[in-house]
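Beneath this line is the structure, given in structure tokens, with notes to follow.
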There are 4 protein chains.
Amino acid sequence: MSTNIKKIGVLTSGGDAPGMNAAIRAVARTCAYHQIECVGIYRGYQGLIEGDFEDLSARSVRNIINRGGTFLKSARSQEFKTKEGRAKAHEQLIKNQIDALVLIGGDGTFTGGMLFNEEYNFPIIGIPGTIDNDIDGTMYTLGYDTALNTVVDAIDRIRDTASSHDRLFFIEVMGRDCGHIALNAGLGAGAEEILIPEANRGLEQLLESLERSRNTGKSSSIVVVAEGDKTGKSVFQLAEYVEENLPNYDIRVSVLGHMQRGGAPTCFDRVLASRMGVKAVESLMEGKSNYMVGMIKDEIVITPIVDAIKGKSSVDSDLMRVCEIMST
Amino acid sequence: MSTNIKKIGVLTSGGDAPGMNAAIRAVARTCAYHQIECVGIYRGYQGLIEGDFEDLSARSVRNIINRGGTFLKSARSQEFKTKEGRAKAHEQLIKNQIDALVLIGGDGTFTGGMLFNEEYNFPIIGIPGTIDNDIDGTMYTLGYDTALNTVVDAIDRIRDTASSHDRLFFIEVMGRDCGHIALNAGLGAGAEEILIPEANRGLEQLLESLERSRNTGKSSSIVVVAEGDKTGKSVFQLAEYVEENLPNYDIRVSVLGHMQRGGAPTCFDRVLASRMGVKAVESLMEGKSNYMVGMIKDEIVITPIVDAIKGKSSVDSDLMRVCEIMST
Amino acid sequence: MSTNIKKIGVLTSGGDAPGMNAAIRAVARTCAYHQIECVGIYRGYQGLIEGDFEDLSARSVRNIINRGGTFLKSARSQEFKTKEGRAKAHEQLIKNQIDALVLIGGDGTFTGGMLFNEEYNFPIIGIPGTIDNDIDGTMYTLGYDTALNTVVDAIDRIRDTASSHDRLFFIEVMGRDCGHIALNAGLGAGAEEILIPEANRGLEQLLESLERSRNTGKSSSIVVVAEGDKTGKSVFQLAEYVEENLPNYDIRVSVLGHMQRGGAPTCFDRVLASRMGVKAVESLMEGKSNYMVGMIKDEIVITPIVDAIKGKSSVDSDLMRVCEIMST
Amino acid sequence: MSTNIKKIGVLTSGGDAPGMNAAIRAVARTCAYHQIECVGIYRGYQGLIEGDFEDLSARSVRNIINRGGTFLKSARSQEFKTKEGRAKAHEQLIKNQIDALVLIGGDGTFTGGMLFNEEYNFPIIGIPGTIDNDIDGTMYTLGYDTALNTVVDAIDRIRDTASSHDRLFFIEVMGRDCGHIALNAGLGAGAEEILIPEANRGLEQLLESLERSRNTGKSSSIVVVAEGDKTGKSVFQLAEYVEENLPNYDIRVSVLGHMQRGGAPTCFDRVLASRMGVKAVESLMEGKSNYMVGMIKDEIVITPIVDAIKGKSSVDSDLMRVCEIMST
């Protein structure tokens, strides 16, 4: 592999996700393996502008593969959205002789990176890190598998109390505009109903379905609601509506919230992060730029960033059918 | 141990708690050990009124020691609050030749049981099962230790994302009018501030403390708020107030909710449940009635129920001092 | 979907794996959805021979999606290996009007099923359930993802004590002749060395590598050893050899053992089980027989069983390279 | 509180245990609270001899309350067992103006500390940190509650596979000469038999008990064996003996090993560590020396070290009776 890359910077930006630390470690170790210097950039693009850097050796990233969050921290940078901000960022890179950037984050991160690449022709490559799994160009984003397990574990717990009291629970899960977490964790947790933005069925159908479910002998039920779902104005209003229209239900609401973003990454996310980190560095070494690393059909591949962020990854209709059959 | 008890009924009532199944198992096995029949009563006092019973052998309670919730289910019974309801309950007991009852639940459960005992002189004994730990006569209620660990695990996860983004989190935890969960889990999770009803410090002091904490270099903070705490009208209004009065804080709120009630019980709760179940059955065999089993000073003891429910178990002031020192 | 299938039997056989219960549930619910009867067969082929059957309704499989093991139990049957045994099995199927079988298990299970199909032209379809992931025709077997996480969690714990004492640990993990668990969990746990049967490097190279690792400043190390690996005669002899040849190492051995087979399945395994169960039933309905369901390139597909069991699924050489880079 | 203590050193020694980091944090924060300097000493007594010290501020111990192991590391020091070694240690303390020591560890740690105190009249106080719970003067040592939960979780997993295959498992757990872990975790995991050194019942009685258990319909069984138990020469020989004498049992052995020492501490251990850390520092400030902090009858107290290490904490006979009843 011939290359002119001598120093690579790595940053995390946007919402944090389990596996980001594992990816930073993989970038640092791959650099060390190829005798490239590696620089960690704190607080995403804001730290890039401010020159908040630290050298990362192979040893300095030990004991972080199992940590949630990102030790490089993340932040939103208004300044990087301005031409002046990006100019400062470029100066910092030049001053520190950094030849290329690995950007770990979501679509906002990549949009910023692409713009920066356009303006300065600076080599960048993206690693998709977000629990929402809402990025094209990969079947799995970092943190998604961990979040699924966190959600399933929480719903398993709620199921204990729902069953003990014959209750109907509405559980809101994360995922922004995207129903991946709701659909997969709902299926995994054996939810009776799953409401996602990609397949809004309307209130009437929900009532009918709950009624039918009760008639077949289900005494307790779990309805998983994606945060982006619009069946009700909010999960609380949705629950109120059902309460008014389906008498004799003992209803509770739970919003799982930010605990979904943390925790030790699963094995899947750690392995994925390691593979993506290697691919990111070696792609830069091969002279590739403006790509995002992803896993498609069980292989680690790269996709032009512009394709990765243009569409929302869509929900598998086959999976929705499986959910329907499982709630028979 | 001489005794006239030939058949014991067991029920769970009020909010469910991890360890209830382990306690039912212990009651059933202790009965089997002493060649007493054991009857499970479904849905608490309501099932008692309706005669919703099932014989429990030593084998029928296998593989439940590790299950959250209660397989006998729990329910609130308006009917049992009436004289007529309790009369029906008594008839069911006579008809089924049940000689005594083990009641697993909280203060509402025990109040009902005590009334029933007064009216019919029917032998009862209580086992404290509630995550809130708000009962006198025991240092630990069933489910409390499990709930503490569930909360600490959730806050550990939130800490990951709080640290990554330098955020201030307000996290509401359960406990009804009682600050035990907030205080212990807050201490265990390394929370910077803990707000409990037993020691309301007021909004001004909270602001000062957060300000001071930021000045000493803490970039992210966790404030644990007991659900019964009245510092703000709600945790959301509390967060809003702080947001308005402490500029430049990135604030989030998380209400942990019903996941705190479920999950496999910890070893502590399983052992406690086993010991309490043995003590409950053997106390009835010794002719004791109207007592609650508890653990005080590392020993399993019984206390008159009237003493167990009269006061709220108070929060350890020594522990509050430890919290203050830890958030130095 | 036109079909003559009116009743389907389902059994689990061979080593149990997390996700088997979720697969049984999926088979039962898919049958209910298509108004096909479903019969659970206890203790694998032995229960088939003995007619140890139970009707499975959609409701009878509730609350099992999150349970490890298999409630239908598993057993090895010598009798089914004989012509007479299989004849009895066939009689039971005819007597009970069962039209097709779903076999959940590993290659031994499928070999038996294929033989039975040959002899009686009886419709069968396989679902791969084994933690070892050693079956062709699928990228993931049921239970594999759960086992990986169990192993990673155990190694994370061992890492705590290894780091505290600057120790070198040899950790044996399951996987029979196959290195999948060792390779993926080793990578996920950040192991310094991974020994698998597919890539035996020899004792000398291990010593060199450990020596080099110590020289670069690693004070503690984890060596993950697949149970099928032949670098040493056993993991204990391997550790002894290293102890004799690398002075001043404080060495410990841990054999993780059967805890790797149990536990609540991960979300991945639950979703996979649900999808495979649907596919299995619907493939039988379409008249397919002698196939195994699998997931290849992110899609649920079927493969002739003869192809699924002929080879061992091989280990990804790309992944081995990632491991090497990560232990830089 | 008047005191002449201006600087306190803290070290961890002997086997590591979850909660040690939380205790170090508590010591450092309590020092900061009282404006005392705090010094961390690496690698136990060996680091004390070598002067391997680091200042610990309130901030430097953040984010460690939830980490297993000990970041100060632990080591056995032959040198400290010599007069010369202890002289060097004393010189280091004088040179660094350290006025007192907090020693976190087990009986070996305390024996060394007591000797040092005798020779140099140097103020020391102990915090009991060991998973074995084998120290007098406290009902609970740090790490014990965490280890119990790790063991129970592992046995829950093994139970899944034991039940699926109707197997008999022998599971060896830690605890050195002491049966606390075996007894409590065995009870918590619902083990059919528990073998501990404090109550050796002999092989014949074990066989009888297993036979009886099988006759009452138990198809699978778990026997928990304390590592110090001498019923068999080893758990493997014990299993072989049973296999030879009880035909038709499908027997497996699992040695849980070092994973029992690691993992995030439970809430109980974190709270205990925090309270003990405060008590240790404040006791030194009050001029106390040669004591160990402990929790007895729900209160944090101090006991002369000489009493804490003289006897082994004995196993509760009431608890053994509960175990017997539960395996009815």
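Counting only complete DSSP H runs, which helices of chain B cover 20 Å or more along their long axis at the Cα atoms and score a mean Kyte-Doolittle of 0.0 or above?
B:267-285
Mind listing the phi-derived Karplus ³J(HN,Hα) values for the range B:247-259, rounded to whole Hz, using 6.51, -1.76 and 1.60 with θ = phi - 60°, and x for any glycine or proline?
x, 6, 9, 9, 10, 9, 10, 9, 9, 5, x, 5, 4
Search the structure for amide H atoms under 5 Å from the amide H of C:E172, placed 1.01 Å from N in the peptide plane, and list their residues when 5 or more places away or on another chain.
C:V225, C:S254, C:V255, C:L256
What figure, in Å² to the nearest 10, do you get for the accessible area of C:I94 with a 1.4 Å probe and non-protein molecules left out?
Accessible area, nearest 10 Å²: 100 Å².
Over chain D, what is the mean sequence separation of C-alpha contacts under 8 Å (at least six apart), divided by residue count, expressed as relative contact order in percent?
Numbers: 716 pairs, mean separation 78.3, N = 328.
Taking the mean separation of contacting Cα pairs over the length of chain D, I get 24 percent.
Over all residues in D:186-196, what is the mean tally of Cβ atoms on other chains that come within 10 Å of each residue's Cβ? Provide the component values of the computation, followed by the final result.
Values: counts 2, 7, 13, 4, 11, 0, 0, 0, 0, 0, 0.
Mean partner shielding for this stretch: 3.
Order the following by accessible area, largest value first: A:R25, B:R59. Probe radius 1.4 Å; ligands, DNA and RNA are ignored.
B:R59, A:R25
What ³J(HN,Hα) values, in whole Hz, does the Karplus curve 6.51 cos²θ - 1.76 cosθ + 1.60 give for the range C:66-78 when θ = phi - 60°, with x put for Gly and Pro?
9, 9, x, x, 9, 6, 7, 6, 10, 7, 8, 10, 5
Quick one: which residues, 5 or more positions from D:A17 or on another chain, have an amide H under 5 Å from its amide H? H modelled 1.01 Å from N in the peptide plane, none for Pro or chain starts.
When sequence neighbours closer than 5 places are left aside, the close amide H contacts are D:G69.
Can you give me the long-range amide H partners of D:A264? Hydrogens built in the peptide plane at 1.01 Å from N, cutoff under 5 Å, separation of 5 or more residues or another chain.
Result for D:A264 returns D:G68.
Suppose every Lys and Arg Cβ carries +1 and every Asp and Glu Cβ carries -1, with no other charges. What dipole size does the protein assembly as shown come out with about its Cα centre, to the nearest 20 debye?
Dipole size: approximately 0 debye.
Which value in deg cm²/dmol, rounded to the nearest 500, describes the helix-derived mean residue ellipticity at 222 nm for the protein assembly as shown, given -39,500 (n - 2.57) per DSSP H run of n ≥ 4 and division by the residue count? Could you put the intermediate results ahead of the total?
Working: 44 runs with 552 residues, N = 1312.
Taken over the protein assembly as shown, the calculation gives -13000 deg cm²/dmol.
Quick one: net charge around A:I309, please, counting Lys, Arg +1 and Asp, Glu -1 for every other residue with C-beta under 9 Å from its C-beta.
Neighbourhood net charge equals -2.
On a C-alpha basis, how far is the centre of the range D:223-286 from the centre of the range C:76-113 in Å? Whole number, if you could?
One Cα centre to the other: 42 Å.
Plugging the Kirkwood radius over Cα pairs into Stokes-Einstein for chain C, at a temperature of 4 °C and a viscosity of 1.567 mPa s, what D comes out in µm²/s? Spell out each step's value before the answer.
Details: Rh = 20.8 Å.
Approximately 62 µm²/s, per Stokes-Einstein.
Can you work out the Karplus-derived ³J(HN,Hα) for every residue in the range C:298-308? Use 6.51 cos²θ - 1.76 cosθ + 1.60 with θ = phi - 60°, whole Hz, and x for glycine or proline.
Per-residue couplings from phi come out as 6, 10, 7, 9, 10, 10, x, 4, 4, 6, 5 Hz.
Can you pull out the cysteines in chain C that have no other Cys Cβ under 4.7 Å?
When partners are defined as cysteine Cβ atoms under 4.7 Å apart, chain C leaves C:C178, C:C267, C:C323 without one.
Report, for D:Q78, each distance to the same residue's label point in the other copies, shortest first and in nm; define the point 7 Å along Cα→Cβ.
When each copy's label point is compared with this one, the spacings are 5.5, 6.5, 7.9 nm.
For B:K95, what accessible surface area do you get with a 1.4 Å probe? Give it in Å², rounded to 10.
150
Just which residues of the range D:241-279 lose 40 Å² or more accessible area with every protein chain there, against their chain alone, with the probe set to 1.4 Å?
In the range D:241-279, residues shielded by partner chains: D:H258, D:M259, D:C267, D:F268, D:R270, D:V271, D:R275, D:V278.
Excluding ligands and nucleic acids, what accessible area in Å² is computed for C:M285 using a 1.4 Å probe, to the nearest 10?
10
If you take the charge dipole of chain B about its Cα centre, with +1 on Lys and Arg Cβ and -1 on Asp and Glu Cβ, which of B:F71, B:G257, B:I305 is farthest toward its positive end?
Checking the options against the dipole of chain B, the answer is B:F71.
Over chain B, average the accessible area per residue using a 1.4 Å probe and give it in Å², no decimals.
34
Once you keep just the Cα pairs under 8 angstrom separated by 6 or more residues, what percentage relative contact order results for the range D:16-172?
This gives 22 percent for the range D:16-172.
What order do A:D145, D:D52 take when sorted by accessible area (1.4 Å probe), most exposed first?
D:D52, A:D145
Only bridges with both residues in chain C count here: give the DSSP antiparallel percent, nearest 5. Working shown, then result.
On the way: 9 of 41 bridges.
Just about 20 percent of them are antiparallel.
Considering only chain B, pick the residue with its Cβ nearest the axis of the rotation onto chain D, and state the distance in whole Å.
In chain B, the Cβ lying nearest the symmetry axis toward D is B:K297, 2.
Shortest first, in nm, what separates the label point of C:H90 from those of the same position in the other copies (7 Å along Cα→Cβ)?
Result, one decimal in nm: 6.9, 7.9, 9.0.
Report the trypsin sites (Lys or Arg not before Pro) located in the range C:270-328 that are in a DSSP loop and have at most 13 other Cβ atoms inside 10 Å of their Cβ, or state none.
Here the sparse-neighbourhood loop sites are C:K297.
Past 22 Å, Cα to Cα: identify those pairs from D:K7/D:K288; D:K95/D:K310; C:K73/C:K233, in the order given.
D:K95/D:K310; C:K73/C:K233, as the Cα separations exceed 22 Å there.
Label-to-label distances across copies for C:K233, with labels 7 Å out along Cα→Cβ, in nm, shortest first?
When each copy's label point is compared with this one, the spacings are 1.7, 7.7, 7.8 nm.
Pairs of Cα atoms under 8 Å, at least six residues apart: use those to get the relative contact order of the range C:106-210, whole percent. Spell out each step's value before the answer.
Details: 91 pairs, mean separation 20.7, N = 105.
It rounds to 20 percent for the range C:106-210.
Which GluC sites (Glu not before Pro) from the range A:219-328 combine a DSSP loop assignment with at most 16 other Cβ atoms within 10 Å? Before the final figure, lay out each step's value.
Values: sites: A:E227, A:E240, A:E243, A:E244, A:E282, A:E286, A:E299, A:E324; in loops: A:E227, A:E286.
Taking the range A:219-328 and a limit of 16 other Cβ atoms within 10 Å, the loop GluC sites (Glu not before Pro) found are A:E286.
The values are calculated or read from the model by the stated rules, or taken from the named source; none is laboratory data. Fair warning: this is a prediction, and the values are worked out from it, not measured in the lab. All Cβ positions, glycine included, derive from the backbone under ideal geometry; neighbour counts span all protein chains shown. To get the accessible areas, we keep the full protein, side chains included, count just its heavy atoms, and leave off ligands, DNA and RNA. Shrake-Rupley method; radii C 1.70, N 1.55, O 1.52, S 1.80 Å.
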